[in-house]
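Reading through the structure tokens given below for one structure.
The values are calculated or read from the model by the stated rules, or taken from the named source; none is laboratory data. This structure is a prediction, so every number in the text was calculated from the model and none was measured. Cβ coordinates were reconstructed from backbone atoms using ideal geometry, including for glycine residues, and neighbour counts include every protein chain displayed.
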Amino acid sequence: MCARHVGALLVSIDSSPSGILSERDVMTRVILARRNPAITLVVEVMTREVICVEPSTPARGGYRPWDELLRRTFAIDLLECPACKGRNRRPTLFLPPPTVE
């Protein structure tokens, strides 16, 4: 990937997208997990949830809420109640507008 200056590779089976292998996948699921890159298969470490957007979609169109990012990145579900395993509502933080002095 480095030699070709590519940050991600689309993984397809029978011409259908089945996953994506990104630099983040390699760093978190291979290097940080201390797996041997020479024998680790792409299918073992790729991201399987492929999200497709139209080329005309604004870059902000891929926005994900912070709690979803934490869940995907660190496997931490902040919206799950630890007692009953039910779902909590997404909290909203309102800050006062900044003042200019």
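Results, tabulated for the structure shown:
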read-out	value
Pairs with Cβ under 8 Å, 6+ apart, first in region 28-57 and without any contact (Cβ under 8 Å) to a residue 24 or more places away in the chain, second among the hydrophobic types (A, V, I, L, M, F, W, C) and surrounded by 10 or more Cβ atoms within 10 Å (Cβ to Cβ)	29/45; 30/45; 35/45; 37/26; 37/30; 37/31; 40/30
Qualifying residues in region 24-40 (those that are within 13 Å of the chain's Cα centre (by Cα) and surrounded by 14 or more Cβ atoms within 10 Å (Cβ to Cβ)) - the one nearest to residue 1 (Cα to Cα)	26
Condition check for residue 50: closer than 19 Å to residue 6 by Cα, modelled with pLDDT under 80 and in contact with a Gly (Cβ under 9 Å, 6 or more places away or on another chain)	yes
Some residue of region 64-73 being modelled with pLDDT of 90 or more, outside any loop (DSSP other than H, G, I, E, B) and aliphatic (A, V, I, L, M)	no
Residue within region 20-38 that is part of a loop (DSSP other than H, G, I, E, B), modelled with pLDDT under 80 and not acidic (Asp, Glu) present	no
Hey, residue 52 assigned to a loop (DSSP other than H, G, I, E, B) and farther than 19 Å from residue 8 by Cα or not	no
Residue 53 vs. criteria out of contact with any His (no Cβ under 6 Å at 6 or more places or on another chain), surrounded by 12 or more Cβ atoms within 10 Å (Cβ to Cβ) and of a type in the set (A, V, I, L, M)	no
